[in-house]
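Below is one structure, written out as structure tokens; comments come after it.
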Amino acid sequence: MSGIQGSFNPSVKRLFKDCLRMVKHVGHEHKRMDQQQVILMVRQQFMLNAHVTNPEKLSTLKGNAMSALTNYVMHIAKSKAGI
């Protein structure tokens, strides 16, 4: 493996792929979102933290990524509902 995926453990790789998949899914439904910009932002965040090996820090970073995805999905849902 090369690049970003070669430096992560399996659960982090899965989270990375899930984040990209979510961006693509949400991007199809919401044309106003700059999908490429959000993908770039996700990649940058993962690359910035590629050196982290401490399990506690990894857990915190995974939680932050999941929270960001959840918040974004909730924001999209609220805008759909007109809230």
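Annotations for the structure displayed:
- Listed by first and then second residue, the pairs with beta-carbon distance under 8 Å, at least 6 apart or on different chains, first residue in the stretch 16-27 and hydrophobic (A, V, I, L, M, F, W, C), second not in a helix (DSSP H, G or I), are F16/F8; V26/M33.
- Positions within the stretch 50-83 being under 13 Å from the mean Cα position of the chain (by Cα) and not charged (D, E, K, R), in sequence order: L61, G63, N64, A65, M66, S67, A68, L69, T70, N71, Y72, V73
- Meets criteria (surrounded by 15 or more Cβ atoms within 10 Å (Cβ to Cβ) and small (G, A, S)) for G63: no
Laboratory data are not the source of any read-out in this text; all were calculated from the coordinates shown. All figures in this text were calculated on a predicted structure; none of them were measured in a lab. With ideal geometry, Cβ positions are generated from the backbone for all residues, glycine too; neighbour counts draw on all protein chains shown.
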